[in-house]
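Accompanying notes for the structure given below.
The values are calculated or read from the model by the stated rules, or taken from the named source; none is laboratory data. Worth saying up front: this structure is predicted, and the values here are computed from it rather than measured. Positions of Cβ are backbone-derived with ideal geometry, glycine not excepted, and every protein chain shown enters the neighbour counts. All accessible areas refer to the heavy atoms of the entire protein, side chains included, with ligands and DNA or RNA removed. Shrake-Rupley method; radii C 1.70, N 1.55, O 1.52, S 1.80 Å.
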Amino acid sequence: MQESAVQTSSIIYGVHFATKKNLSMVSTSVANETAKKICNPAGKPLHTSEVENIAHTTPEISLISLDIETGKQLSHSPISVNTVENKNTRTPDVHKAFHSNPYERLTSLTHLSNGTFIITCVARTQNGDFNRLIFFNRDKSSRTHKALKVWGFQQDNSTLESLLETQDGKLLGIVGLRGGVPPFELATIDYETGKVTYDALLPDLQPDRRYSNLAQSPVNRKIYATSMGMGYSVHLVQLDMENNSVMTGKALIIKLSELHFNNKPLESDLLSLAFSPLGKLYAVANLNHEPMNSLFTVDIDTGEMTLVRKLAVIKIAFAD
């Protein structure tokens, strides 16, 4: 079945690290082991040869589309290793005192109004953390594939943990200051240069909470994210860009429902969050340390999550 035969609202896009195995064509045990490697939110280990030029190159990944109703894969677009266009832009090497094995994470997938997808990848190495953007247009008549390094962070070893093109045309990102653990801050990223800019009017994020998974509703234009506290409770939050704090003049963060599945609160954050063109909210999560991740719908008002199906991706997005 081709994408053209499926309604746009029923097509979901996802990314994972590249694999030579087709998960639908191998045994369950092999598929589980492969899924565990390509869908691991903790990242993909990097070989020594990859680390040498990691600041200037992007990983090999796969962008796929699936029919939500059937789970059938509709397309597969391999995205090869690429060199960033702004290679000469300097990003600091910050040697870390404690040794850790290098690894790569995919931290976001966002669809732009011009039909391009942006995938954010973050590499953690002994010489620092490196953030890159991959731009990929699936249109066969004008297929493009470019990459940029992200730079201009206020603090060394910052990581871009989530990215969203807002409906007013900005690239809004959540920046982690400690490799994915609190504190976090909001910033905008330039499409053409990859430069990070800190807007004084963006909301302040609580320093003891994890924030991730930016998503904007196509129906009411509200921007949502997830917030996780020290007690492991995960809440939906809304970035209220229309109203400002009387004290600070900044936009507000509104705490919404606590997320739960089968009447049990989540004990780990979501992996991804995205709205369908019709305004239904979907999430990717792995609640029980399973080899393959799962797709859920999310009720914004109650926080209840409903299982849709297993899904071998890390991040998801919809196209208009």
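For the reader, a short list of remarks on this structure follows.
- So Ser217, is it surrounded by fewer than 21 Cβ atoms within 10 Å (Cβ to Cβ), in contact (Cβ under 8 Å) with a residue 60 or more places away in the chain and not aliphatic (A, V, I, L, M): yes
- Any hit, region 98-107, residues being out of contact with any helix residue (DSSP H, G or I) (no Cβ under 8 Å at 6 or more places or on another chain), over 22 Å from Leu46 (Cβ atoms) and modelled with pLDDT of 85 or more: no
- Within region 44-102, considering residues that are over 25 Å from Lys315 (Cα atoms) and acidic (Asp, Glu), the one least open to solvent (accessible area, probe 1.4 Å): Asp93
- Asp199 passes every criterion in (1) surrounded by fewer than 19 Cβ atoms within 10 Å (Cβ to Cβ); (2) within 15 Å of the chain's Cα centre (by Cα); (3) more than 19 Å from Ile314 (Cα to Cα) apart from (2).
- Single match in Phe184, Phe117, Phe130 (criterion: in contact (Cβ under 8 Å) with a residue 60 or more places away in the chain and farther than 20 Å from Ala55 by Cβ): Phe117
- Subset of region 80-138 (residues that are in contact with a Phe, Trp or Tyr (Cβ under 7 Å, 6 or more places away or on another chain) and under 17 Å from Thr193 (Cβ atoms)): Thr89, Thr91, Thr116, Ile118
- The residues of region 281-293 that are at pLDDT 95 or above and of a type outside the set (Phe, Trp, Tyr), listed by number, are Leu281, Ala283, Val284, Ala285.
- Criterion (over 26 Å from Phe117 (Cα atoms) and of a type in the set (A, V, I, L, M, F, W, C)) met by exactly one of Leu281, Leu273, Leu311, Leu266: Leu266
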